[in-house]
2 protein chains.
Amino acid sequence: MKIGFIGLGTMGHPMARNILKNGYELVIYNRTIEKMNALEQVGAIVAHSPREVAEQSDIVFTMLTADAAVEEVILGEDGVIYGAKQDLIVVDSSTISPATSKKVAAELVKADVEMLDAPVTGSEPQAIEGTLTFMVGGKKEIYEKCLPLFNIMGKNSYYIGEHGKGSYTKLANNSLAAINLLAFSEAMTMAAKAGIDPEIFVKVVSGGGARSAMVENKADKVMNRDFTPHFMAQLLHKDLGLAADVAKELEISTPMLGVGKEIFQIAKAKGYGAEDMSAVIKCYEEWAGITVSKIKEEAK
Amino acid sequence: MKIGFIGLGTMGHPMARNILKNGYELVIYNRTIEKMNALEQVGAIVAHSPREVAEQSDIVFTMLTADAAVEEVILGEDGVIYGAKQDLIVVDSSTISPATSKKVAAELVKADVEMLDAPVTGSEPQAIEGTLTFMVGGKKEIYEKCLPLFNIMGKNSYYIGEHGKGSYTKLANNSLAAINLLAFSEAMTMAAKAGIDPEIFVKVVSGGGARSAMVENKADKVMNRDFTPHFMAQLLHKDLGLAADVAKELEISTPMLGVGKEIFQIAKAKGYGAEDMSAVIKCYEEWAGITVSKIKEEAK
């Protein structure tokens, strides 16, 4: 079986590498051509367009940053759809709106191509280790055909339901994570301004009902001022925008998401967009006139 | 050493019982007299006022529900302050505002009584097991004198700093927990309205960056409609009000807390105040026109 992979960024590159490592033939394409060099050197076949990838593949993965890129790569000029062989499966692991996912899947069906929306949780380290979690929308039998590949790139995969359900799940998940991060940022700033040693505060909250993966993963980054991105603030802001669109579509009320999105908008406007999402705490610190890491030093 | 305990509610009763079990003489007082019966039967000495408790004790614990009760019990007519022997220590484990904590401590100092603010994380089960976490404000040497008792009632205790610091820590902690709960409620409702099996959604979020103690502790309660209180929605609403007062005092900006407090106000207005705090999801469900547990059944 020959696998195609389009989009070799922070996530796509290690995902594709894991497929290659597990003995599959791999055809790759990336808009920035240099990003293909490293994989070409270890045996990947370089294609010159998404169409060429599709012509040579049984399953094509896409890992792109936005709705427009997914539409262009799959349905646009020289897109995957124009190179599709019989029984081609397209698996899109990008985080995009369910509406776009469903639209692209519907177009592909007209060309007898099956699609899955299969976004992931986890960031670069999990992509490298092959421990991502996939949440998958589309036909169940297509999910099952792709399962060996999900198992190579991830530690878990969940079949959620028809087209778009993977995307809905991913956006609700990221909205939850983002609000947990804001909850931590707000409480951490409150404690620090009250003169509480941030390290002790983290210990207290980690021992009870206030603990979360966000406290666990981000407290050290904040205290050590290490905002090198695991997941960029501007990408989370994009996801919150998509989640807000979903709320509108489903006619539900999401006040915490609404406020949270605005705070990430402010973080972006202040120039923190390309930093780790935990850099959002700098907004709170500026509003409070303190810096958590300085309070930590003073507490020593 | 003789210990006093005032306030024998859901938390106070098991905390007092653990002190007694560990061989200390215990003097108790509760406004509702019947609540003292069970402890009297196992050897506690019943007093008729906070003053009488103080007259017989070396350390007096208070575990009450609000600022006014703490002021009355300690400083009011027949209050602890009027029965204080030399070297009495008052340890208040109630969740109250740091301003009240500091005020009461200052009044006690005038009468040569030392005080600690020592609120706890954990609810009834942890109080019973003696696995609470104490966060303590006041003089360090007084904290150290009380440490054996914290170790009986809790698995951890943290000395945070001067008077009021325990209360600040507790309110920031509860604000964080409340926002995490709202984040879960909002995302769970979004997923359910999109037709995603709530059980699968919980599995997905529990495996990644969106996981939290609130998802862990509350998902089953929501799916099984078991809103018997571990911690009542109206008490959390009270704590969010106190946290908002702290934000004002410290001149910090807490938009998530602000919105979250309003949602718990709505939950209270709808009549969910005496249910578990997880009942706040019923607000979201009503706004969305769905019930998470029904979506779960339909998914089977």
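The values are calculated or read from the model by the stated rules, or taken from the named source; none is laboratory data. Every value quoted in this text rests on a predicted model; they were computed, and no experiment measured them. All Cβ positions, glycine included, derive from the backbone under ideal geometry; neighbour counts span all protein chains shown.
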### Query
For the stretch A:244-278, how many residues are free of Cβ contacts under 8 Å to residues at least 24 places away in the same chain and of a type in the set (Ser, Thr, Tyr)?
1
### Message
Looking for something polar (S, T, N, Q) and assigned to a helix (DSSP H, G or I) - is there at least one such residue anywhere in the stretch B:218-229?
### Response
no
### Message
Take the conditions away from every other protein chain (no Cβ under 13 Å) and modelled with pLDDT of 95 or more and apply them to A:Ile200. Does it pass?
### Response
no
#### Entry: Residues of the stretch A:233-243 satisfying the condition of being within 12 Å of chain B (Cβ to nearest Cβ) and farther than 17 Å from A:Ser101 by Cβ
A:Leu236, A:Leu240
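Can you list the strands (runs of 3 or more DSSP E) found entirely within the stretch A:66-156 that contain at least 3 residues being within 14 Å of chain B (Cβ to nearest Cβ)?
Numbers: elements: A:89-92, A:114-117, A:132-137.
In the stretch A:66-156, the matching strands (runs of 3 or more DSSP E) lie at A:132-137.
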### Task
Please determine, by comparing only the residues of the stretch A:157-197 that are facing another protein chain (nearest Cβ under 8 Å) and of a type in the set (S, T, N, Q), which one is farthest from the chain's Cα centre (by Cα).
A:Thr189
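Rundown of residues vs (1) in the same structural domain as A:Lys193 (by TED's automatic domain parsing); (2) of a type in the set (Gly, Ala, Ser); (3) modelled with pLDDT of 95 or more, yes/no style:
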{"position": "A:Ala219", "(1), (2), (3)": "yes, yes, yes"}
{"position": "A:Phe227", "(1), (2), (3)": "yes, no, yes"}
{"position": "A:Phe231", "(1), (2), (3)": "yes, no, no"}
{"position": "A:Leu236", "(1), (2), (3)": "yes, no, yes"}
{"position": "A:Leu240", "(1), (2), (3)": "yes, no, yes"}
{"position": "A:Ala244", "(1), (2), (3)": "yes, yes, yes"}
{"position": "A:Met256", "(1), (2), (3)": "yes, no, yes"}
{"position": "A:Gly260", "(1), (2), (3)": "yes, yes, yes"}
{"position": "A:Lys270", "(1), (2), (3)": "yes, no, yes"}
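In contact with a strand residue (DSSP E or B) (Cβ under 8 Å, 6 or more places away or on another chain) and either surrounded by fewer than 19 Cβ atoms within 10 Å (Cβ to Cβ) or more than 7 Å from chain A (Cβ to nearest Cβ) (or both): does that describe B:Met223?
Working: in contact with a strand residue (DSSP E or B) (Cβ under 8 Å, 6 or more places away or on another chain): no; either surrounded by fewer than 19 Cβ atoms within 10 Å (Cβ to Cβ) or more than 7 Å from chain A (Cβ to nearest Cβ) (or both): yes.
Against the criterion (in contact with a strand residue (DSSP E or B) (Cβ under 8 Å, 6 or more places away or on another chain) and either surrounded by fewer than 19 Cβ atoms within 10 Å (Cβ to Cβ) or more than 7 Å from chain A (Cβ to nearest Cβ) (or both)), B:Met223 does not qualify.
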### Residue satisfying condition, being among the small types (Gly, Ala, Ser), under 27 Å from B:Ser97 (Cα atoms) and without any contact (Cβ under 8 Å) to a residue 12 or more places away in the chain, within set A:Ala191, A:Ala219, A:Ala187, A:Ala210
A:Ala191
#### Entry: When residues of the stretch B:194-220 are limited to those that are more than 27 Å from A:Glu162 (Cβ to Cβ) and small (Gly, Ala, Ser), the one surrounded by the fewest Cβ atoms within 10 Å (Cβ to Cβ)
B:Ala213
#### Entry: Lone unmet requirement of (1) assigned to a helix (DSSP H, G or I); (2) within 30 Å of B:Ala194 (Cβ to Cβ); (3) free of Cβ contacts under 8 Å to residues at least 40 places away in the same chain for A:Asn37
(2)
### Message
Condition first: of a type in the set (D, E, K, R) and on the phi < 0 side of the Ramachandran plot. Now tell me which residues in the stretch A:106-139 satisfy that.
### Response
A:Glu107, A:Lys110, A:Glu114, A:Asp117, A:Glu124, A:Glu129, A:Lys139
### Message
Checking A:Thr228 against (1) over 29 Å from A:Gly137 (Cβ atoms); (2) over 17 Å from the mean Cα position of the chain (by Cα): exactly one of these is not met. Which one?
### Response
(2)
### Message
Regarding the stretch A:49-60, can at least one residue be identified that is over 22 Å from A:Ala111 (Cα atoms) and buried (at least 19 other Cβ atoms within 10 Å of the Cβ)?
### Response
no
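Test B:Tyr159 against the criterion of being of a type outside the set (Lys, Arg), farther than 23 Å from B:Ala213 by Cβ and outside any helix (DSSP H, G or I), and give yes or no. Break it down stepwise before answering.
On the way: of a type outside the set (Lys, Arg): yes; farther than 23 Å from B:Ala213 by Cβ: yes; outside any helix (DSSP H, G or I): yes.
So B:Tyr159 passes the test.
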### Query
For the stretch A:68-96, what are the residues that are over 19 Å from A:Arg17 (Cα atoms) and either in contact (Cβ under 8 Å) with a residue 60 or more places away in the chain or outside the structural domain of A:Pro14 (by TED's automatic domain parsing) (or both)?
A:Ala69, A:Val73, A:Val80, A:Thr95, A:Ile96
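Does A:Leu26 fit the bill of being in the same structural domain as A:Thr65 (by TED's automatic domain parsing), crowded, with 19+ Cβ neighbours inside 10 Å and assigned to a loop (DSSP other than H, G, I, E, B)? Reasoning before the result, please.
Numbers: in the same structural domain as A:Thr65 (by TED's automatic domain parsing): yes; crowded, with 19+ Cβ neighbours inside 10 Å: yes; assigned to a loop (DSSP other than H, G, I, E, B): no.
In short, no.
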